[in-house]
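Quick notes on the structure that follows.
The values are calculated or read from the model by the stated rules, or taken from the named source; none is laboratory data. These numbers were taken from a predicted model, which means no experiment stands behind them. Positions of Cβ are backbone-derived with ideal geometry, glycine not excepted, and every protein chain shown enters the neighbour counts.
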Amino acid sequence: MKITHLTSPEQNAKNNDAVVANHNTLQETSWQPPFSIDTLKNKSTEFDLKRKTLTSQLSPIMYTVSSIYHVAVGAGLALNIFDSNSAIVKNATRLTKLFNSLIYGDLAIDACKQKNSFDLLSKLLEPFLNCVSQLSNYHLLRGLGSAMTQLHIVNLPHIKCDQGLWENFIQNMQLTRKFFVEAWTSGLWGKDRRLFKFKEDKGHTLAWLSHIQAFSSILGLLNGTRRNLIDKIVGTVRNVIGVGVDLDLLNKKDIDEKNTGRYYLAHALFDTVKRFIPKDKADVIDNLAMPLYNKAMYHFGKLTRKQSDGTYVQTVDPVEDRIKEYTLHQNLLAV
């Protein structure tokens, strides 16, 4: 007969302690991932810093190379050294569009990380517009992306922080609708107008001009590279509206916003004149005026970077704007 020996309570406690110790040892020696979420975030931040530093160093070089190339081509065309259909002439435009796509692609990463939906869409439009444009209608078609960015600038002071990309898009659409209705129904004259109030403007003028600019660019896209009456009309409208936008930018507080307006304004004058002269002379102007355009795009890129980094100097103070809106609403109720 087999006798089973029962363990005492003290022995049971020792056995339990041994089991717990063995379990803790197994946990300590179990597999651990080679990285953590914090490590990934730190590496992502480090990569972004290097990427932005590289872009800030390369973008002025790219625009300088592009400008020198276009001036050389413009001089060659003026002196009949180059033919407008030659590879060296076409490659100048290709190089400019390549540089611009790279720079705007980098800015699109920032816009995506910051959940700025309208800014992201404007940057993603750039490679598409580069594929369907030529130097002759480059400025006209890029008005579509510029209009989207301008609407982003108008909406930015009123956008809620800490929301997802889709929520940001929905709020941008709501604000765009609000500015559209207010801008197009307030009239051009009278004390209650929303447009052309200059330093007191809350963004309605820029929004109104952006709507017309986007429409003219879409018509230009449909017209292609044909030099006809439609090209003259929509090109001139795009530039006239662009001048209005540029003049509005001159009233902004941010220095890069001001410089964007200055150089786009100068280029718009040449882009308008070239539509009413023979093609061979227009090709010369297109190339010789590109340094002005590149300078404007350089400051425009810096402006976008500031908006992503949070260093952009807003002209419209969102808190002050809400106070004024509330005061106006109370005054209307008191009437």
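Return yes or no: is residue 150 modelled with pLDDT under 90, over 27 Å from residue 216 (Cα atoms) and out of contact with any strand residue (DSSP E or B) (no Cβ under 9 Å at 6 or more places or on another chain)?
No: the conditions fail for residue 150.
May I ask you to say which residue of 245, 234 is farther than 25 Å from residue 95 by Cβ, under 18 Å from the mean Cα position of the chain (by Cα) and either modelled with pLDDT under 85 or of a type outside the set (Ser, Thr, Tyr) (or both)?
Matching residue, one of 245, 234: 245.
Regarding the range 113-128, can at least one residue be identified that is in contact with a helix residue (DSSP H, G or I) (Cβ under 8 Å, 6 or more places away or on another chain) and within 26 Å of residue 284 (Cα to Cα)?
Scanning the range 113-128 turns up at least one residue that is in contact with a helix residue (DSSP H, G or I) (Cβ under 8 Å, 6 or more places away or on another chain) and within 26 Å of residue 284 (Cα to Cα).
Being of a type in the set (Lys, Arg) and free of Cβ contacts under 8 Å to residues at least 12 places away in the same chain narrows it down to one of 279, 191, 202, 274, so name that one.
Going through 279, 191, 202, 274 in turn, just one is of a type in the set (Lys, Arg) and free of Cβ contacts under 8 Å to residues at least 12 places away in the same chain: 191.
For residues in the range 143-189 being among the aliphatic types (A, V, I, L, M) and over 27 Å from residue 271 (Cβ atoms), which is surrounded by the fewest Cβ atoms within 10 Å (Cβ to Cβ)?
Filtering the range 143-189 for residues that are among the aliphatic types (A, V, I, L, M) and over 27 Å from residue 271 (Cβ atoms), the one surrounded by the fewest Cβ atoms within 10 Å (Cβ to Cβ) comes out as 181.
Mind listing just one residue for me: the one in the range 259-313 that is modelled with pLDDT of 90 or more and of a type in the set (Val, Ile, Thr) and, of those, farthest from the chain's Cα centre (by Cα)?
My answer is 277.
Go through (1) surrounded by fewer than 19 Cβ atoms within 10 Å (Cβ to Cβ); (2) in contact (Cβ under 8 Å) with a residue 24 or more places away in the chain one by one and return the number of the condition residue 90 breaks.
(2)
What number of residues within the range 101-156 satisfy the criterion of being charged (D, E, K, R) and over 10 Å from the mean Cα position of the chain (by Cα)?
4
Quick check on the range 190-216: of everything there that is part of a loop (DSSP other than H, G, I, E, B) and within 30 Å of residue 231 (Cβ to Cβ), which residue is modelled with the lowest pLDDT?
Out of the qualifying residues, it is 196.
Consider residue 42 carefully, then state whether it is farther than 30 Å from residue 168 by Cβ, in a helix (DSSP H, G or I) and at pLDDT below 90.
So residue 42 fails the test.
Mind checking which residues of the range 50-80 are among the hydrophobic types (A, V, I, L, M, F, W, C) and not in a helix (DSSP H, G or I)?
Listed by number, the list holds a single entry, 79.
Inside the range 221-254, can you point out the residues that are in contact (Cβ under 8 Å) with a residue 12 or more places away in the chain and either exposed (fewer than 15 other Cβ atoms within 10 Å of the Cβ) or assigned to a loop (DSSP other than H, G, I, E, B) (or both)?
The answer is 224, 225, 227, 232, 250, 251, 252, 253, 254.
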